[in-house]
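Novice: One structure follows; several queries about it will come next.
The values are calculated or read from the model by the stated rules, or taken from the named source; none is laboratory data. Keep in mind it's a predicted model, so treat the numbers as computed, not measured. In this analysis, Cβ positions are derived from the backbone assuming ideal geometry, glycine residues included, and neighbour counts consider all displayed protein chains. Accessible surface areas use protein heavy atoms only, side chains included; no ligands, DNA or RNA. Shrake-Rupley method; radii C 1.70, N 1.55, O 1.52, S 1.80 Å.
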Amino acid sequence: MSRLLPAALSPGAAPTTGPRPGESPAVHRFRPEVQGLRTVAVLLVAVYHVWIGGVSGGVDVFLFISAFLMTLSFVRRLEAGRGPELGSYWARTFSRLLPPVVVTVLGTLVAVRLLFPSDRWYAAIEEAAATVLYSQNWVLAFNAVDYYAADSSRASPFQHFWSLSVQGQVFLLWPLLLALCGLLARRTGWSVGAVATGVFGAVFALSFAFSVVSTRETQAFAYFDTRARLWEFALGSLLALAVLRGFTLPGAVRLVLGWTGLVAIAVCGLVLDVQGSFPGWAALWPLAGAALVILAGHTGDPRGADALLSRRPLLVLGEASYAVYLVHWPVLVTYLVVTDREKATLLHGLAILVGSIVLGVLVQRLVERPLRPAAGTVARQLGLIVLCVALVLVPAAGARTVLDRHAQQAAERAAVENPGAAVLAEGFDREQDPQVPTIPNPLVREGQWSALPEDCDAATEDWFGDYVVACTALPVDPDAEVDAMVIGNSHAEQWLPAFQRVAEDRGWNLLSAVKGACRYQPVETTDNTECQELIRLTDRYIEEQGIDVVFTTSTVTSTDGPDERIAPGFDQVLEDLGSRGITVVGIRDTPRFPFNMVTCIDQEGPDAERCNPPRDQKLAPRNPADALEAEHENFVNIDMSDWVCPGGTCPSRIGNRWVYMDDNHMPRDYVLTMAPAYAEQFEQQVEGRVPQLPGG
């Protein structure tokens, strides 16, 4: 194994020899127990993904070992008076990392194209490109992916590449820091180890503090955030520096430490509630376990944990652990998609695990090993890197171009060939061509979340602070007589084109500050602490900014049946806002489904009964909010259900437009076609009822 090649999630040969005479067991260059530990880590990751659906801590162990071995190699080189040779290190490392990645990515893209619903293709293309550019973790973070989603079949088949992206970024950063340590050591006369201890100690302290805070506040983002992971690498580096200083322990103590560390790693996911606590303080548990195993080192005692970790099967699998990690997740997600399951059965899970190991070994022996360019020149290594990236980016760009062109062509014909809800309007008599592609294109869902034309100004963004909302607005008119605001969750957000139509017709200012899963309701009626604070901020904003009209949802539909109810606390909302002279425009909720409608259409066809359920299975016989009209003069009650579920059915498409883009949201393309009908109903409802609303 190359001395400068980091192990863990990286490929590498299994070391087999013991320590030199008089050398600390933890410092010798060849570490079979570390290779075996890689096997334990990858098996934990796969087992938890396949059967448990949680976090095992195995990936954290991978990251920790990477920094440990990389720091050992670099510091030895620097203390021997040799240069860091950054260019050759980066060329050698990434030319070894990328070939197995590219084979996995291309194979996964083929599986997605052949076996996945069409609405997954576009995202797969984007994430494949992000994978080979080592930016997948940021794609997932900014998309607010929930890593702990119960239904992994909706997870990206590229999701697991987040850790490789983080690791790749550190493989760029760490050598720079180590080279800086070498430079400072020469300038100050201190040892490289002493300088590096200070540098990585600072990185550890800053990143750990950031990780704990960000995990507590925005865990879904923090999980993929490189900044929240740097302390795990820094801890591995600090351990390497301690080992290089000759830190040793008695043999009996090492026996205990080895087994303690191995057991700690194995039970981490079972003992800790890790669902919402990684990568904060909880990640110390598996890292401490890995540190104990490394400190125990090669004991030479058959009773030691290292004796188990050094067995031939674990070493062989450890050599292929990188490839096994690469392939296991796409295999699992593909199985869940094809079988329409949320989790694998015991028998199927065993088949997935064994199949992943076989595939991983094949990738390691047929791709990784033959292409190892350790003896090649830097130019050859760089050529291989460029080729690997091009093999993914070129076809991905081509596929993206084709999909975008089809979407653009459909959009240009939409006004005539895709009237959407307009076909339900009285007097519409234009015949529809059934051969016209339905829009929006399920392959291209970008732009289907509704928004107002402009981003909110900085002052409004700052108002909501860390409680991030989707904040957009119409251009502000200082002469407008009414300031209106859209508040609530994504079911209010989806109606923005309709709300915008009313505001523009009447000359109102309109601001939208919404957040998914945060319905606007009295604080005491929700247990979500983040939503509670957002509701308080929204209430203060409405009061201090003098908002006249609030748009939100008035009812809540059910996923499993017609159990539609008035939104929690909505009666109190009407009373509280009414006491301040604020008009509330409440719109009836839209149907929710126990499955993704786009997937249903793709698998069973747009005319399948399951994709077009009867209206009485999805909505209550009457709008529950009707009962509030007589009690609250400030309530404008809007019910657009006849435009979503006309003729006793909740169809998948109306007027050559899809009505849903997932299991409970409408795409902007369809809502736009309902805007005229919404505006007309609004005028009918406010006529003679709410005289304080100018315009119209």
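Novice: Taking 0.36 nm per residue of separation and subtracting the Cα-Cα distance, what length does fully extending residue 461 through residue 133 add?
Specialist: Value of the extension gain: 115.0 nm.
Novice: From the Cα gyration tensor of region 260-355, with a ≥ b ≥ c the square roots of its eigenvalues, which class applies: rounded if a/c is under 1.5, or else prolate if a/b is larger than b/c, or else oblate?
Specialist: Taking the square roots of the gyration eigenvalues as a ≥ b ≥ c, region 260-355 is oblate.
Novice: Now for a separate question. Pop out the carbon and sulfur fraction of the accessible area of region 575-665 as a percent, whole number, probe 1.4 Å.
Specialist: Answer for region 575-665: carbon and sulfur cover 44 percent of the accessible area.
Novice: What does the charge add up to near residue 236, with Lys and Arg as +1, Asp and Glu as -1, over the other residues with Cβ less than 12 Å from its Cβ?
Specialist: Summing Lys and Arg as +1 and Asp and Glu as -1 gives -1.
Novice: Rounded to whole Hz and in sequence order, give me ³J(HN,Hα) for region 179-191 from the Karplus expression 6.51 cos²θ - 1.76 cosθ + 1.60, θ = phi - 60°, writing x for Gly and Pro.
Specialist: Taking θ as phi minus 60°, the curve returns 5, 5, 4, x, 5, 5, 4, 5, 6, 9, x, 6, 6 Hz for region 179-191.
Novice: Starting from the amide H of residue 636, placed 1.01 Å from N in the peptide plane, find each other amide H under 5 Å away whose residue is 5 or more places distant or on another chain.
Specialist: Answer set, sorted by chain and number: 584, 585, 586.
Novice: Taking 0.36 nm per intervening residue step and subtracting the Cα-Cα distance, what contour gain separates residue 347 from residue 428 on full extension?
Specialist: 23.6 nm
Novice: Over region 497-624, average the accessible area per residue using a 1.4 Å probe and give it in Å², no decimals.
Specialist: Counting only protein heavy atoms, the per-residue value for region 497-624 is 41 Å².
Novice: Expressed as a whole percentage, what fraction of the accessible surface of region 499-574 belongs to carbon and sulfur atoms when a 1.4 Å probe is rolled over the protein heavy atoms?
Specialist: 39 percent
Novice: Computed from these coordinates, which is semi-axes √(5λ) of the Cα gyration tensor in Å: (1) 55, 28, 23; (2) 140, 26, 21; (3) 92, 33, 25?
Specialist: Label of the calculated value: (1).
Novice: Which whole-number value in Å² is the accessible area per residue of region 390-461, probe 1.4 Å?
Specialist: For region 390-461, the per-residue accessible area is 60 Å².
Novice: Roll a 1.4 Å probe over the protein chains and send me the accessible area per residue for region 41-195 in Å².
Specialist: 32 Å²
Novice: Sort out for me the Cα centre separation of region 308-356 from region 633-651, rounded to whole Å.
Specialist: Between the Cα centres of region 308-356 and region 633-651 lies a distance of 48 Å.
Novice: Still on this structure, I have one more. Efficiency by 1/(1 + (r/R0)^6): what FRET value for residue 537 and residue 616, r their Cβ-Cβ distance, R0 = 41 Å, to the nearest 0.05?
Specialist: The formula returns an efficiency of 0.55 here.
Novice: Under a 5 Å amide H to amide H cut-off, with H placed in plane at 1.01 Å, what residues pair with residue 650 once short-range neighbours are removed?
Specialist: For residue 650, the qualifying residues are 615.
Novice: DSSP beta bridges in the chain, what fraction antiparallel, as a percent rounded to 5?
Specialist: Antiparallel bridges: around 35 percent, rounded to the nearest 5.
Novice: Now a separate question. Taking the chain as the reference, fit the longest principal axis to its C-alpha atoms, fit the long axis of helix 121-132 to the helix C-alpha atoms, and give the angle between the two in degrees, 0 to 90, nearest 10.
Specialist: Between the helix axis and the principal axis of the chain, the angle is about 30 degrees.
Novice: What list of ³J(HN,Hα) values in whole Hz, one per residue of region 214-223 in order, does the Karplus curve 6.51 cos²θ - 1.76 cosθ + 1.60 (θ = phi - 60°) give from phi, with Gly and Pro shown as x?
Specialist: Each residue's phi maps through the Karplus curve to give 5, 5, 5, 8, 9, 4, 4, 6, 4, 4 Hz.
Novice: Under the definition of Cα pairs under 8 Å and six or more residues apart, what whole-number percent is the relative contact order of the chain?
Specialist: 15 percent.
Novice: Follow-up question, since we're still on this one. Give the angle, between 0 and 90 degrees and rounded to the nearest 10, that separates the Cα long axis of helix 529-544 from the longest principal axis of the Cα atoms of the chain.
Specialist: 40 degrees
Novice: Run the lone-cysteine check on the chain: no other Cys C-beta under 4.7 Å from the residue's C-beta.
Specialist: Unpaired cysteines in the chain: 181, 268, 388.
Novice: Something else about it: What full-extension length gain, to one decimal in nm, is calculated for residue 572 and residue 311 as 0.36 nm per residue of separation minus the Cα-Cα distance?
Specialist: Residue separation times 0.36 nm, minus the Cα-Cα distance, leaves 87.2 nm.
Novice: If I model a spin label as a point 7 Å beyond the Cα along the Cα-Cβ vector, how far apart are those points for residue 604 and residue 565 in nm?
Specialist: 2.7 nm
Novice: Between region 549-575 and region 211-238, what's the alpha-carbon centroid distance in Å?
Specialist: Centre-to-centre (Cα) distance: 38 Å.
Novice: Can you compute 3J(HN,Hα) from phi for each residue in region 39-56, using the Karplus curve 6.51 cos²θ - 1.76 cosθ + 1.60 with θ = phi - 60°, rounded to whole Hz and x for Gly and Pro?
Specialist: Ordered by residue, 3J(HN,Hα) equals 5, 4, 5, 5, 5, 4, 4, 5, 4, 5, 5, 6, 10, 9, x, x, 10, 9 Hz.
Novice: Helix 496-506 sits at what angle to the longest principal axis of the chain, using alpha carbons and giving 0 to 90 degrees rounded to 10?
Specialist: The helix 496-506 is inclined about 40 degrees to the chain.
Novice: Now for a separate question. Find the relative contact order for region 442-580 and round it to a whole percent, using C-alpha pairs within less than 8 Å whose residues are 6+ positions apart.
Specialist: 25 percent
Novice: Hey, another quick one. Give me the distance in nm between label points sitting 7 Å out from Cα along the Cα-to-Cβ direction at residue 435 and residue 504, one decimal.
Specialist: For the pair residue 435/residue 504, the computed spacing is 3.4 nm.
Novice: Turning to a different aspect of this structure: Whose amide H sits under 5 Å from the amide H of residue 657, counting only residues 5 or more places off or on another chain, with H placed in the peptide plane?
Specialist: So residue 657 has HN proximity to 420, 439.
Novice: In percent, what relative contact order does region 599-696 have, based on Cα pairs under 8 Å that are 6 or more apart in sequence?
Specialist: 25 percent
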